[in-house]
Amino acid sequence: MIEIKDISKWYGTFQVLTQCSTRVSKGEVVVVCGPSGSGKSTLIKCVNGLEPFQKGEIRVDGISVGDPKTNLPKLRARIGMVFQNFELFPHMTVSQNLTLAQVKVLGRSQEAALAKGMALLDRVGLKAQADKHPGNLSGGQQQRVAIARALCMDPIAMLFDEPTSALDPEMINEVLDVMVQLAQEGMTMMCVTHEMGFARRVAHRVIFMDHGSIVEDATKDDFFGKPRSERAQQFLSKILHH
Amino acid sequence: MHYHWNWRIYWQQSPDGSGTYLHTLFVGLGWTLALALLAWAIALLLGIVVGVIRTTPLRWLERIGNAYVELFRNIPLLVQMFLWYFVMPELVPTALGDWIKQMPPPWGAFVPAVLCLGTFTSARVAEQVRAGINSLSRGQGMAGTALGLTLPQTYRYVLLPMALRIIVPPLGSEFLNIIKNSAVALTINVVELTASARAMQEYSFQVFEAFTAATVIYLLVNLVVVLLMRLIERKIAVPGLIGPSGGPAPAGH
Ligand SMILES: Nc1ncnc2c1ncn2[C@@H]1O[C@H](COP(=O)(O)OP(=O)(O)OP(=O)(O)O)[C@@H](O)[C@H]1O
Ligand SMILES: [Mg+2]
């Protein structure tokens, strides 16, 4: 579903990504972790072309992301993305947030979009909040709305960039529960997260990044059983002690 | 000082035969408002376009926008007024230039004055629009883009609605500025409020009454605009947000 081949990216002369390669198959859940500044966000943003890259190739459902001929908006509409800071549109109500792209991008009717939005809002347990503005919701609620907003587009894969790290501890689980459910339903997911409990529960593979490279790309059992690199071991021992 | 105060002067007939001096002043006010509102429409439209292109990822567009703002911001308004009135008709194709020069008064001066004030203010609006867009988190644009919105759609539905809300207060002061700046149009013979007050002074020699009236009218217009801006700010406030575009904080949980 997602194939990343030898991606390299520079900001000016600073190399953020160095020959990263991996793949996420249909229905697979891959967790990406690594220290701050290691390039996790950059890599995941390359997958839907939010960040351009200079070398290598990324294919999503067979379509090349870096090809200038690719209709990127159309491709992006099929890939859901959830951000660390939710990024709901503050001037719109929850239901407007859910319907905007369905109507403007997919061309659905307002009624169909609203029906879809409400169904997904119900699924994340927030049906009662439809007419509120994001500013009046808690962080955990906002992130669940953001997930629902992405799901409204019927994505073929979901990208998560540290979806719980801006949340107060008591709200982390309500978001993780939604993600776990999604994973169990067979959604293809690439998740940057340090929630190792989540990784243990639903991940198929874990990728460890450091200094812009993929240092480790292992099945979940291998990763938690015997990480091969010293850096990954150190990193794991650090975050598992928290 | 042997000044003869005469507060009843406003109800006396002006020798130009158009009516009372008060009438003269209100006609002037009418031109001031027409000038300010039309120029404001141009300023908003151009200002939003130029402000937006200065924030797009396209470098050459950004440069054009920057050059535009520098040009209109750094030449004194009075000079721009003369350029629009005296020089512009000579620079455009002859047929158009002749047509402009033959426009009957007051349009021959009014149109250049509107264009001048509009473009001058558009540079300042563009600066505000750019600042407003840049004050939004980068993630907002990314969220729109990630949903499949095109760049124009992202601006239209995601970035501009918030950016414009944020800059309503500074836009309000720009509107007050455009009203004040419209007085410069008297130098190219647009008989707006200040010019009307001067005409009243020249006919009646009641300089204090003439300019007291003009001052009071400007202040009243300002007051109305300030009240209107407050109303607009309240109307567009985003529930649950604090700060310039937010409404009152939600009460409890
Ligand atoms: N727009 C940019 N311009 C220049 N450098 C950047 C830019 N964005 C990110 N970087 C740099 O690229 C590197 C990787 O950043 P990235 O955000 O991908 O890291 P990350 O692994 O997601 O870190 P974190 O855990 O803090 O989110 C960092 O060193 C960062 O400073
Ligand atoms: Mg990051």
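The values are calculated or read from the model by the stated rules, or taken from the named source; none is laboratory data. Predicted model only: the values in this text are computed from it and were never measured. Using ideal geometry, Cβ is built from the backbone for each residue, glycine included, and neighbour counts are taken over all protein chains shown. For the accessible areas, the whole protein counts, side chains as well, though only heavy atoms, and no ligand, DNA or RNA atoms are used. Shrake-Rupley method; radii C 1.70, N 1.55, O 1.52, S 1.80 Å.
Can you tell me which residue in segment A:27-68 is nearest to A:Val215 (Cα to Cα), limited to those that are within 16 Å of ligand 1 (Cβ to nearest atom) and hydroxyl-bearing (Ser, Thr, Tyr)?
Across segment A:27-68, the extreme among qualifying residues is A:Ser38.
Can you find a residue in segment A:34-43 that is among the basic types (Lys, Arg) and either away from ligand 2 (no atom under 16 Å from the Cβ) or surrounded by fewer than 22 Cβ atoms within 10 Å (Cβ to Cβ) (or both)? Break it down into steps so the answer makes sense when it comes.
Taking segment A:34-43 as the starting set, the residues that turn out to be among the basic types (Lys, Arg) are A:40.
Okay, now just the ones that are also either away from ligand 2 (no atom under 16 Å from the Cβ) or surrounded by fewer than 22 Cβ atoms within 10 Å (Cβ to Cβ) (or both), so none.
Taking every residue of segment A:34-43 in turn, none turns out to be among the basic types (Lys, Arg) and either away from ligand 2 (no atom under 16 Å from the Cβ) or surrounded by fewer than 22 Cβ atoms within 10 Å (Cβ to Cβ) (or both).
Going by the conditions given, is B:Ala143 open to solvent by less than 20 Å² (accessible area, probe 1.4 Å), at pLDDT below 95 and touching a helix residue (DSSP H, G or I) at 6+ places or on another chain (Cβ under 9 Å)?
Working: open to solvent by less than 20 Å² (accessible area, probe 1.4 Å): yes; at pLDDT below 95: no; touching a helix residue (DSSP H, G or I) at 6+ places or on another chain (Cβ under 9 Å): yes.
No: the conditions fail for B:Ala143.
Suppose the filter is within 14 Å of another protein chain (Cβ to nearest Cβ) and of a type outside the set (Ser, Thr, Tyr); does B:Ala237 pass it? Lay out the reasoning, then the answer.
Numbers: within 14 Å of another protein chain (Cβ to nearest Cβ): yes; of a type outside the set (Ser, Thr, Tyr): yes.
Considered against the rule, which asks whether it is within 14 Å of another protein chain (Cβ to nearest Cβ) and of a type outside the set (Ser, Thr, Tyr), B:Ala237 comes out as yes.
Just to be sure, is A:Gly107 more than 10 Å from chain B (Cβ to nearest Cβ) and surrounded by fewer than 17 Cβ atoms within 10 Å (Cβ to Cβ)?
Values: more than 10 Å from chain B (Cβ to nearest Cβ): yes; surrounded by fewer than 17 Cβ atoms within 10 Å (Cβ to Cβ): yes.
Yes; evaluated as a whole, the condition is true for this residue.
Tell me, which residue of segment A:171-190 that is out of contact with any helix residue (DSSP H, G or I) (no Cβ under 6 Å at 6 or more places or on another chain) and under 12 Å from A:Gln141 (Cα atoms) is nearest to ligand 1 (Cβ to nearest atom)?
So the residue we want is A:Ile172.
Do we have any residue at all in segment A:47-57 that's surrounded by fewer than 14 Cβ atoms within 10 Å (Cβ to Cβ), more than 14 Å from chain B (Cβ to nearest Cβ), among the basic types (Lys, Arg) and away from ligand 2 (no atom under 16 Å from the Cβ)? If you could, list the steps in order and put the result at the bottom.
We begin by selecting, within segment A:47-57, every residue surrounded by fewer than 14 Cβ atoms within 10 Å (Cβ to Cβ); these are A:52, A:54.
Subset that is more than 14 Å from chain B (Cβ to nearest Cβ): A:54.
Now drop any that are not among the basic types (Lys, Arg), which leaves none.
So far as segment A:47-57 goes, no, none of its residues is surrounded by fewer than 14 Cβ atoms within 10 Å (Cβ to Cβ), more than 14 Å from chain B (Cβ to nearest Cβ), among the basic types (Lys, Arg) and away from ligand 2 (no atom under 16 Å from the Cβ).
Please count how many residues of segment A:140-169 are open to solvent by 20 Å² or more (accessible area, probe 1.4 Å), part of a helix (DSSP H, G or I) and touching a residue at least 12 places away in the same chain (Cβ under 8 Å).
Residues in segment A:140-169 being open to solvent by 20 Å² or more (accessible area, probe 1.4 Å), part of a helix (DSSP H, G or I) and touching a residue at least 12 places away in the same chain (Cβ under 8 Å): 3 in total.
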